Amino acid sequence: MVVVGITGPIAAGKGEICSYLSERYSASTHRFSDVLSDVLVRLHRPIVRKDLQGLGAALRGAFGDDVLVKALKEDVAKDDAPVVIVDGVRYKSEADMVKEVGGFLIFVTAPQNLRWKRASSRGSRGEASISFDDFKASERRETELGIAGLESVADAVIVNDGSLDDLKGKVDGVLKRFTRSC
């Protein structure tokens with residue numbers, strides 16, 4: 001099994017990478033936010049970024065910074081897919097978990113203005129009409145602040161400022177660099 005951690009700021013292309021890895025390499029995907037989404041669904045709350053961020057901070061505050069890491073590590077260990085993606089890595093402890101299970105970390109980024117346009121055009125997580133100022137504010141929330149620091153611990157950095165085919169080529173290059181089975 002190959003474990004690939006994906007991190008980067010909002011709308012940098014993490015979801016596109018996950019989709020591509022799923023299609024091309026039969027990868028399964030685990031997200032730290034899945035646990036949070038499960039709780040919000042159970043509470044009959046909408047799945048919006050602000051609530052995901054708040055719940056994540058609350059769970060970490062109540063149960064320790066590693067509460068989501070422990071949950072996801074168990075999920076990854078039970079997965080038998082050839083490639084397992086850990087999406088949405090936001091903290092050093094999460095990056096460390098990816099490496100503890102023998103994986104590597106990809107940091108994907110793009111210019112802020114381009115990421116804002118992507119976020120507002122995809123319209124998910126309550127961002128269909130998000131202003132640029134609100135987008136910048138969402139990147140200053142507690143759950144987003146540690147992401148930039150993960151670039152220095154990432155095994156590979158991808159700048160996603162081109163076409164989707166460019167991104168796919170960059171991802172293939174990273175996988176070839178870090179694996180023998182892909």
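Descriptive notes on the structure:
- With a Förster radius of 30 Å applied to the C-beta separation of Ser37 and Asp165, the computed FRET efficiency comes to 0.50.
- Pairs of Cα atoms nearer than 8 Å and 6+ residues apart set the relative contact order; for the chain it is 35 percent.
- For the peptides 88-99, 167-178, the ranking by packing is 88-99, 167-178, with the highest mean count of neighbouring Cβ atoms within 10 Å listed first.
- Label selected from (i) 41; (ii) 20; (iii) 17, the criterion being percent of Cα pairs over 28 Å apart as computed here: (ii)
- Gain in span if fully extended, Glu100 to Ala58, counting 0.36 nm per residue against the direct Cα distance: 12.6 nm
- A simple count of charges around Lys73, restricted to other residues whose Cβ falls under 13 Å of its Cβ and scoring Lys, Arg +1 and Asp, Glu -1, yields -4.
- For region 21-58 versus region 78-108, the gap between their alpha-carbon centres in whole angstrom: 16
- Pairs from the list Lys99/Lys136; Lys14/Lys136; Lys136/Lys168; Lys70/Lys136 with a Cα-Cα gap above 21 Å: Lys99/Lys136; Lys136/Lys168; Lys70/Lys136.
- The gain in end-to-end length when the Ala148 to Lys50 segment is fully stretched comes to 33.4 nm, 0.36 nm per residue minus the alpha carbon separation.
- Remark: relative contact order (region 46-147) = 36 percent; criterion is Cα-Cα distance under 8 angstrom and separation of 6 or more residues.
- Per the Debye calculation on region 107-182 with a single equal scatterer at every Cα and no solvent contribution, log₁₀ I(q)/I(0) for q = 0.18, 0.20 Å⁻¹ amounts to -0.88, -1.00.
- The convex hull defined by the C-alpha atoms of region 138-182 has an orientation-averaged projected area of 4.3 nm².
No value in this document is a laboratory result; all are computed from the given coordinates. Remember, it's a predicted structure, so these values are computed and weren't measured experimentally. Glycine also receives a Cβ, built like all others from the backbone with ideal geometry; neighbour counts cover every protein chain displayed.
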